[in-house]
Every structure is written in structure tokens, then in C-alpha cells.
1. Give me the one-decimal nm value for the distance between modelled label points at L132 and K152, 7 Å along each residue's Cα-to-Cβ direction.
2. Calculate, for K125 and I43, the FRET efficiency according to 1/(1 + (r/R0)^6) with r their C-beta to C-beta distance and R0 22 Å; round to the nearest 0.05.
3. Expressed as a rounded percentage, what relative contact order does segment 44-92 have, with Cα pairs under 8 Å and six or more residues apart?
4. Under the Kirkwood approximation for Rh and a Cα-based Rg, what ratio Rg/Rh is obtained for segment 44-110?
5. Working out 0.36 nm times the residue gap between Q108 and I29, then minus their Cα-Cα distance, what length gain in nm do you get to one decimal?
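Just so you know, all these numbers are worked out from the coordinates, no wet-lab data involved. From a predicted model like this one, the values you see are computed outputs, not experimental measurements. Quick reminder, even Gly has a Cβ in these numbers, built from the backbone with ideal geometry, and neighbours come from all protein chains shown.
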Amino acid sequence: MSFRSYILLLFFGIIFPIFSIKAQQSRNITIKDGLPSNTIRCIFKAKSGLLWIGTDAGLCSYDGSKITIYDIDNGLPSNMVWSITENDKGHLWIGCYNGGIAYFDGNQIQSYSKKEGLPSNRVRKLKYKNGLLLIATDSKLALFDGNQFYFKNSMMQ
């Protein structure tokens, strides 16, 4: 092969495809579009395809065109949503800073706080795995099996 053939092969085989890739479209969503706040604490894409957005003024679902807002008026324990995760059934667990956690089955919201055994209402992060909810609070790490909270009282024990 000649030098010219190598250059043509390089251009059409490597460089041309890079420039021909379509750029993905993106869109900013703000309070002008219906968000309750521009302060976003977390984003979670559910198995259903819905995008869930945690803000300092509530929880939002976004289906690509419509935003639905859930807040304390809908049963959230706090409007400060800092973490969202999903269980095996596709139901949401929502971590609310200064409010505890909430379970949302798509119809109603059930809240859990210190009154129910959560070590702190200041929830920072949630993770669901193998039927257990791992909860990171300001004071302790806890597990929740759907019925009872488990945590150690002291790290020194």
C-alpha cells in the first residue's frame, strides 16, 4: 500500500467516524420548567424510566415532558430530599434530611423517623440491596428490613 492509501484508510476508518457521531441532545430543567427548586441534591433513574429528582423543596418525577412534585403536603417527612433508591418491586425509598426516610409505592407515602427507631432524622444517603435498606445518617449507619432498624450504639463496642 502506498502512503496515500494509508492516509485515506486512516481518515475514513478512524477520523471520519469520530466526526460523524451525532451529539446527544441535552436539556436543562429549572424552576422555569416546573421544578420547585434549582438546588438538586440527587437524581435517580427508576426501572420504569422515570427520572426522580431530589431538591431542597421536594421530590419530583420527570417523564421527559411533565414534572410532578411531591412534598410535605403529599406525605414526605421533609422537603429536603437528599437520596433516592428503589427496591425490587420498583418502589422508592426517599432519604429526607431533617425528616427521616419515606417509602413511596406509587400511590401513598409512608414515613419513618426517630419515633419508629431510625437513629437520626438527618438522612444523607440510602442504598437498597438484597431486601435491606442501608441508611447513612449524620450520627450512625443503619439497616432497615422493612420492620425494624438495626444499628450499633457505639463504634467502640
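1. Each label point is offset 7 Å from its Cα along the Cβ direction, giving 1.3 nm.
2. The calculated FRET efficiency here is 0.95.
3. 33 percent
4. Working: Rg = 10.7 Å, Rh = 11.6 Å.
Rg divided by Rh gives 0.92.
5. Numbers: separation 79, 0.36 × 79 = 28.44 nm, distance 2.59 nm.
Gain on stretching Q108 to I29: 25.8 nm.
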